[in-house]
Amino acid sequence: MKRLEDFTYHHALILGLAKSGTAAAKLLLDSGISVRINDYKASPEDPVVQELEEAGAEVILGGHPVSALEGIDVMIKNPGIAYDNSLVAEASQRGLPIITEVELAGLLHHGPIIGITGSNGKTTTTTLTHEMLVRSGKQSSIAGNIGEVSCEVARRTSDHDPLVIELSSFQLMGIERFRPTVAVLLNIYEAHLDYHKTLENYQHAKAQIFKNQSKEDFLVYNSDDPTIAKFIGKANAQLVPFSTSQHLDKGAYADEGYIYYNGDPIIKRDEVVLVGEHNMENILAAVAAAKLNGATNEGIRDVLTSFNGVPHRLEFVDNIEGRLFYNDSKATNILATSKALSSFKQPVILLAGGLDRGNDFDDLVPFLDHVKAMVVFGETAGKMQHAGEQAGITAIKKVDNVEQAAQTAYELSDKKDVILLSPACASWDQYRTFEERGHMYVQAVHKLK
């Protein structure tokens, strides 16, 4: 297992345990760095806490005392902890560097790094890129916001092999030297403003992915996204565009017949099994990133003729009495749900609602034209109902949770209908994660048989 050899700090405070904090603590301790941990929720009886204390970490639980910063020269922050947290704000005031564990992954792995970010499509694109490399004979590893902690995976990945990392804006806010050899910027639109406060802050966080790149590196970007076009001029890397609407001599694009890379036809569009126009963007980005790392056309075709999605991202669940159930629990914003709805031409029963972040859902209305009924739940149930009424939908039912939503939607449905869970909201009002919400829905669907 690798250890940090180029870490310039000696006394680290890890704020927030969870998976990323635990992995970072173990890495730092193994690398001879002094570690202090501060976690608000963990218990002294937690086996992880006891393990880290036995390994030499100092652990402070139950609050965020300012004294936790004494003698510290760097803070490694859980990405989900906002910058207005009292201890984070104090560390910033003192001029302490505040990083996330992805910075450690970049220091550990000296081989190819493919970093993938965007408002939507990160997980699908990351998975596609990784699978294209694997099926091309590459020993690719996958990590990041997709599930496995980046620095943990980087410890066991050979420097000769590519490391594919899904990166959130929260993670990218905390980098200093992290430098992907291939950065992928899928799309940018208004999201996570409860965390970033302004759209400009959010855009700046996304742009962090290419800030350390040089002319030897590559930036794969969506040339159809006007927001991205505004600031990629600041990039030092070689630009590699992808587009679903333009013929490109360089980069990846698709027409009605084929998917191309640098003008070379890779695969017929009708052979691709992944549904949805938004997924074509993800596919093109993955093709470009994978080709830049040595993927073969055969490996890419192998993936695109068999890959039908990742869990909770427009995932096909079941066909029950001619009703097609889809789980798109990862759709935590309006754009994601809009794209999911645009993937279907047949009548849809939409299951939506969740955490109220203060926005309305007027922007969703134009995409509800083929929605025959809605089942709404969560804090935003009333707002969702209002959007449905604006679209002229008369069959709208309020329920308590996604389990009830699945049953109610089935009762409202006819054969050949699509029953789509695509909440357009985060899950935290009722569920710990979007994965938990999706699992509950899938289980409820299977109980309908």
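For region 178-192, indicate whether the set of residues that are without any contact (Cβ under 8 Å) to a residue 12 or more places away in the chain, open to solvent by less than 60 Å² (accessible area, probe 1.4 Å) and not hydroxyl-bearing (Ser, Thr, Tyr) is non-empty. Lay out the reasoning, then the answer.
Going residue by residue through region 178-192, those that are without any contact (Cβ under 8 Å) to a residue 12 or more places away in the chain are none.
No: region 178-192 contains no residue that is without any contact (Cβ under 8 Å) to a residue 12 or more places away in the chain, open to solvent by less than 60 Å² (accessible area, probe 1.4 Å) and not hydroxyl-bearing (Ser, Thr, Tyr).
For residues that are closer than 18 Å to residue 162 by Cα and either modelled with pLDDT under 90 or within 23 Å of the chain's Cα centre (by Cα) (or both), tally how many sit in region 263-294. Talk me through it step by step, then tell me what you get.
Step one: list which residues in region 263-294 are closer than 18 Å to residue 162 by Cα, which gives 285-294.
Narrowing further to those that are either modelled with pLDDT under 90 or within 23 Å of the chain's Cα centre (by Cα) (or both): 285-293.
So the answer is 9.
Considering each of 90, 5 in turn, give the residue that is more than 25 Å from residue 157 (Cβ to Cβ) and either open to solvent by less than 40 Å² (accessible area, probe 1.4 Å) or out of contact with any His (no Cβ under 6 Å at 6 or more places or on another chain) (or both). Please lay out each step first, then the result.
Working: 5 fails: more than 25 Å from residue 157 (Cβ to Cβ).
Exactly one residue qualifies, and that residue is 90.
So, of the residues in region 99-140 that are of a type in the set (S, T, N, Q) and out of contact with any strand residue (DSSP E or B) (no Cβ under 9 Å at 6 or more places or on another chain), which turns out to be surrounded by the fewest Cβ atoms within 10 Å (Cβ to Cβ)? Walk me through it before giving the result.
First, the residues of region 99-140 that are of a type in the set (S, T, N, Q): 100, 117, 119-120, 123-127, 129, 136, 139-140.
Right, trim to out of contact with any strand residue (DSSP E or B) (no Cβ under 9 Å at 6 or more places or on another chain) and you get 119-120, 124, 136, 139.
Values: 119: 20, 120: 25, 124: 28, 136: 20, 139: 11.
So the residue we want is 139.
Suppose we filter 378, 392 for residues that are touching a Gly at 6+ places or on another chain (Cβ under 8 Å), assigned to a loop (DSSP other than H, G, I, E, B) and at pLDDT 95 or above; which single one remains? It would help to see each step written out before you state the result.
Values: 392 fails: touching a Gly at 6+ places or on another chain (Cβ under 8 Å).
None of the other options fit; the residue is 378.
Would it be correct to say that residue 209 is buried (at least 17 other Cβ atoms within 10 Å of the Cβ), among the hydrophobic types (A, V, I, L, M, F, W, C) and within 19 Å of the chain's Cα centre (by Cα)? Quick ask: steps written out before the conclusion?
On the way: buried (at least 17 other Cβ atoms within 10 Å of the Cβ): yes; among the hydrophobic types (A, V, I, L, M, F, W, C): yes; within 19 Å of the chain's Cα centre (by Cα): yes.
Against the criterion (buried (at least 17 other Cβ atoms within 10 Å of the Cβ), among the hydrophobic types (A, V, I, L, M, F, W, C) and within 19 Å of the chain's Cα centre (by Cα)), residue 209 qualifies.
Can you give me the number of residues within region 20-51 that are within 27 Å of residue 158 (Cβ to Cβ) and basic (Lys, Arg)?
1
Cβ-Cβ under 7 Å, sequence separation 6+ or interchain: first residue in region 51-62 and under 17 Å from residue 30 (Cα atoms), partner open to solvent by 50 Å² or more (accessible area, probe 1.4 Å) and not aliphatic (A, V, I, L, M). Which pairs?
59/53
Taking only region 218-231 into account, find how many residues are touching a Leu at 6+ places or on another chain (Cβ under 7 Å) and over 18 Å from residue 122 (Cβ atoms).
Selection size over region 218-231: 0.
Please state which of the following conditions residue 17 fails to meet, knowing it meets all the rest: (1) at pLDDT below 95; (2) in contact with an Asp or Glu (Cβ under 7 Å, 6 or more places away or on another chain); (3) closer than 16 Å to residue 155 by Cβ.
All conditions are met except number (3).
Could you count how many residues in region 324-374 are closer than 20 Å to residue 277 by Cβ and of a type in the set (D, E, K, R)?
Matching residues across region 324-374 total 6.
Sort out which residues of region 158-174 are surrounded by fewer than 22 Cβ atoms within 10 Å (Cβ to Cβ) and over 15 Å from the mean Cα position of the chain (by Cα), and write them in order of number.
Correct list: 158, 159, 160, 161.
In region 333-371, what count of residues is obtained for those that are more than 14 Å from residue 421 (Cα to Cα) and among the basic types (Lys, Arg)?
Result for region 333-371: 2.
I'm told residue 409 meets every condition in (1) free of Cβ contacts under 8 Å to residues at least 40 places away in the same chain; (2) more than 20 Å from residue 333 (Cα to Cα) except one. Can you identify the failing condition by its number?
Result: residue 409 passes all but (1).
Which of the residues spanning region 62-77 are touching a helix residue (DSSP H, G or I) at 6+ places or on another chain (Cβ under 7 Å), open to solvent by 30 Å² or more (accessible area, probe 1.4 Å) and outside any helix (DSSP H, G or I)? Quick ask: steps written out before the conclusion?
Step one: filter region 62-77 for residues touching a helix residue (DSSP H, G or I) at 6+ places or on another chain (Cβ under 7 Å), giving 64, 66, 68-69, 75-77.
Subsequent filtering for residues that are open to solvent by 30 Å² or more (accessible area, probe 1.4 Å) retains 64, 66.
64 - this is the single residue of region 62-77 that is touching a helix residue (DSSP H, G or I) at 6+ places or on another chain (Cβ under 7 Å), open to solvent by 30 Å² or more (accessible area, probe 1.4 Å) and outside any helix (DSSP H, G or I).
For region 223-240: of the residues being in contact with a strand residue (DSSP E or B) (Cβ under 6 Å, 6 or more places away or on another chain) and under 21 Å from residue 181 (Cβ atoms), which is most open to solvent (accessible area, probe 1.4 Å)?
The selected residue is 238.
Scanning region 23-45 for residues that are open to solvent by less than 20 Å² (accessible area, probe 1.4 Å) and assigned to a helix (DSSP H, G or I), which turns out nearest to residue 59 (Cα to Cα)?
Selected residue: 25.
How many of the residues making up region 389-413 are among the charged types (D, E, K, R) and surrounded by fewer than 15 Cβ atoms within 10 Å (Cβ to Cβ)? Talk me through it step by step, then tell me what you get.
Residues of region 389-413 that are among the charged types (D, E, K, R), as a first pass: 389, 397-398, 400, 403, 411.
So of that shortlist, the ones also surrounded by fewer than 15 Cβ atoms within 10 Å (Cβ to Cβ) come out as 389, 400, 411.
Adding up the residues that qualify gives 3.
Can you tell me which residue in region 5-22 is nearest to residue 175 (Cα to Cα), limited to those that are β-branched (Val, Ile, Thr) and not in a strand (DSSP E or B)? Outline the logic, then answer.
In the first step, residues of region 5-22 are kept if they are β-branched (Val, Ile, Thr); the result is 8, 14, 22.
Those left that are additionally not in a strand (DSSP E or B): 8, 22.
Numbers: 8: 14, 22: 18 Å.
Of everything passing the filter in region 5-22, 8 is nearest to residue 175 (Cα to Cα).
Can you name every residue in region 395-449 that is outside any helix (DSSP H, G or I) and of a type in the set (Gly, Ala, Ser)? If you could, list the steps in order and put the result at the bottom.
First pass over region 395-449, keeping only residues outside any helix (DSSP H, G or I): 395-401, 413-433, 447-449.
Result: 395, 413, 422, 424, 426, 427.
Here is a list: 194, 161. Which entry is of a type outside the set (Phe, Trp, Tyr) and at pLDDT 95 or above? So that I can check it myself, show each step before the final result.
Values: 194 fails: at pLDDT 95 or above.
It is 161.
Answer yes if at least one residue in region 128-149 is within 21 Å of residue 29 (Cβ to Cβ) and without any contact (Cβ under 8 Å) to a residue 24 or more places away in the chain, and no otherwise.
First pass over region 128-149, keeping only residues within 21 Å of residue 29 (Cβ to Cβ): 143, 148-149.
If we keep only those that are without any contact (Cβ under 8 Å) to a residue 24 or more places away in the chain as well, we get 148.
Yes; the residues of region 128-149 include at least one that is within 21 Å of residue 29 (Cβ to Cβ) and without any contact (Cβ under 8 Å) to a residue 24 or more places away in the chain.
The values are calculated or read from the model by the stated rules, or taken from the named source; none is laboratory data. Here the structure is a predicted model, which means the values were calculated and not measured. Backbone-built Cβ (ideal geometry, glycine too); neighbour counts: all protein chains shown. Note: areas computed on protein heavy atoms with side chains; ligands, DNA, RNA excluded. Shrake-Rupley method; radii C 1.70, N 1.55, O 1.52, S 1.80 Å.
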